Amino acid sequence: MNNNEDIQQVSGPIRDFADARQQAEAEERAETLDTAETGQGGAGRRDSGSGTRRTGLRRAIRRAIRAASRPGPWRRGPVLAALALLLGLFMLLHAKITDRGGLGSLVETFLPWFGLFVPVLLAGALWRRSASAVVALVLPVMVWLNLFGGLLSDKSHSGSDLTVASHNVDADNPDPAGTARALVASGADILALEEITAQARGTYEKGLAKAYPYHAVLGTVGLWSKLPLSDTRPVDIKQDVGPLADTKSAEDKMPYNRALRTTVTTDHGALAVYVAHLGSVRVNPRAGYSTVHRDRNAQALGEAIAAEQNERVVLLGDFNGTTDDRAFDGITSRLRSAQEEAGDGFGFSWPARFPVVRIDQILVRGVEPESSWLLPATGSDHRPVAAGISW
């Protein structure tokens, strides 16, 4: 008897569990059948009204639970919202970024392109239906527009007293004669050339002689003009430094000279014109974005501009950097960019095949820029730049 009682005590819960499971399965099949029948119009008449109500109630409860478990639009996409805020702060505080390894200069060189992250983040925010991410994007949009929005409109005016142009003709230019013809066709009154080689110098002088009766070439930079030139001299931009620099004579340094200053005689008075080709930048895995030579040149050029006595100044040349770069603060604090004040768009000039940055500049003081534009591409890896100025 004791054994039978033990067996009954064990088998009882097992039967109860099995019965409960069978009942649950039956209810599940009934629910499935209810669903199928209620979705079949007339066939659903076999189901009782109470069964249909129970099925609808279960569905409503399940939907409510799923809806409650989903985050709202303000709680979705926290990562996207954080990235949007970081992008805005990154552009807003770009001047605070360290320049160790040239990082600050690199960021500022390509700063306008950081705006491309805005539509990417916007697409992600719309896909996630994140209201917080969309609102967070207001910050980078406003910062970008504050920095570069003025370049989106055409600020040029028709007419000018003088047209100036600048072109890095490229030491490896395969067609200097064709480049000279293209520059003559621009109609510029004053034309600055950078990166003139000893081999190509004669070609440029011959090709430009008829249109420009006055010219001066000092080292690798030169100026051609339809108006008389005077007081032409090299500008020391610290191209040579170190213990041996002081031992070199001016004659020894001249072949590598990269900056000059001259006076152009106009109907409105004397105009001081500078032509400069600042040092190149290099990307090195160890040193990073190396700008040492360029920055030294920029500082020396800024000091020369600061010491200039003439009120009217035009600076033409290849800076190997954009005016947003902190390295040029000593120059841009005294001169204004013709492109920013009278251009149409960003005026990217390099590389010629697909320009992404404007490193070829026309800066002025004491005159008014009326227009600024790019000239057609030549055999160089730079696009020529031009501007109209008035008194």
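The values are calculated or read from the model by the stated rules, or taken from the named source; none is laboratory data. Since the structure is predicted, the reported quantities are computational estimates derived from the model, not experimental observations. Cβ placement follows ideal geometry from the backbone for every residue including glycine, while neighbour counts extend to all protein chains displayed. Side chains are part of the model used for accessible areas, which takes the heavy atoms of the whole protein and leaves out ligands, DNA and RNA. Shrake-Rupley method; radii C 1.70, N 1.55, O 1.52, S 1.80 Å.
Odds and ends about this structure:
- Highlighted here are the strands (runs of 3 or more DSSP E) found entirely within the range 204-321 that include at least 1 residues which are of a type in the set (Gly, Ala, Ser) and touching a His at 6+ places or on another chain (Cβ under 9 Å): 221-225, 259-266, 313-318.
- Residue check, residue 131 buried (at least 19 other Cβ atoms within 10 Å of the Cβ) and touching a helix residue (DSSP H, G or I) at 6+ places or on another chain (Cβ under 9 Å): no
- Among residues of the range 149-162 being assigned to a helix (DSSP H, G or I) and either more than 30 Å from residue 271 (Cα to Cα) or acidic (Asp, Glu) (or both), the one that is most open to solvent (accessible area, probe 1.4 Å) is 152.
- Of all residues making up the range 322-352, the number that are outside any strand (DSSP E or B) and either on the phi > 0 side of the Ramachandran plot or of a type in the set (Ser, Thr, Tyr) (or both): 7
- All conditions in (1) over 30 Å from residue 294 (Cα atoms); (2) assigned to a helix (DSSP H, G or I) hold for residue 116, with the sole exception of (1).
- Restricting the range 283-324 to residues that are over 10 Å from residue 237 (Cα atoms) and basic (Lys, Arg) leaves a set whose member that is most open to solvent (accessible area, probe 1.4 Å) is 286.
- Members of the range 231-256 that are open to solvent by less than 50 Å² (accessible area, probe 1.4 Å) and either touching a Phe, Trp or Tyr at 6+ places or on another chain (Cβ under 8 Å) or under 19 Å from residue 268 (Cα atoms) (or both): 235
- Checked against (1) assigned to a helix (DSSP H, G or I); (2) at pLDDT 60 or above, residue 31 passes all but condition (2).
- Evaluating residue 235 against the criteria (1) more than 22 Å from residue 328 (Cα to Cα); (2) out of contact with any Gly (no Cβ under 6 Å at 6 or more places or on another chain); (3) not charged (D, E, K, R) leaves one unmet condition, (1).
- Test: residue 166 is among the polar types (S, T, N, Q), surrounded by fewer than 21 Cβ atoms within 10 Å (Cβ to Cβ) and closer than 22 Å to residue 370 by Cα: no
- Every condition in (1) over 28 Å from residue 345 (Cα atoms); (2) surrounded by 14 or more Cβ atoms within 10 Å (Cβ to Cβ); (3) at pLDDT below 95 is met by residue 106 except one, and the failing one is (1).
- Residue check, residue 119 over 30 Å from residue 222 (Cβ atoms), under 21 Å from the mean Cα position of the chain (by Cα) and without any contact (Cβ under 8 Å) to a residue 12 or more places away in the chain: yes
- Selection of the range 169-198 for residues being assigned to a helix (DSSP H, G or I) and either free of Cβ contacts under 8 Å to residues at least 60 places away in the same chain or open to solvent by 40 Å² or more (accessible area, probe 1.4 Å) (or both) yields 177, 180, 181, 182, 184, 185, 198.
- Residue ID - surrounded by the fewest Cβ atoms within 10 Å (Cβ to Cβ), chosen from residues in the range 332-386 that are of a type in the set (Gly, Ala, Ser) and touching a Leu at 6+ places or on another chain (Cβ under 9 Å): 345
- Number of residues in the range 358-388 that are more than 17 Å from residue 319 (Cα to Cα) and not in a strand (DSSP E or B) equals 7.
- Condition check for residue 141: in a helix (DSSP H, G or I), surrounded by fewer than 16 Cβ atoms within 10 Å (Cβ to Cβ) and either more than 18 Å from the chain's Cα centre (by Cα) or modelled with pLDDT of 95 or more (or both): no
- Looking across the range 273-294, the residues that are aliphatic (A, V, I, L, M) and under 17 Å from residue 224 (Cβ atoms) come down to 273, 275, 276.
- Residues of the range 249-282 satisfying the condition of being in contact with a strand residue (DSSP E or B) (Cβ under 6 Å, 6 or more places away or on another chain) and more than 14 Å from residue 314 (Cα to Cα): 257, 258, 277, 282
- For residue 87, the stated conditions do not hold, so it cannot be described as aliphatic (A, V, I, L, M), assigned to a helix (DSSP H, G or I) and modelled with pLDDT under 95.
- Meets criteria (surrounded by fewer than 17 Cβ atoms within 10 Å (Cβ to Cβ) and in contact (Cβ under 8 Å) with a residue 24 or more places away in the chain) for residue 201: no
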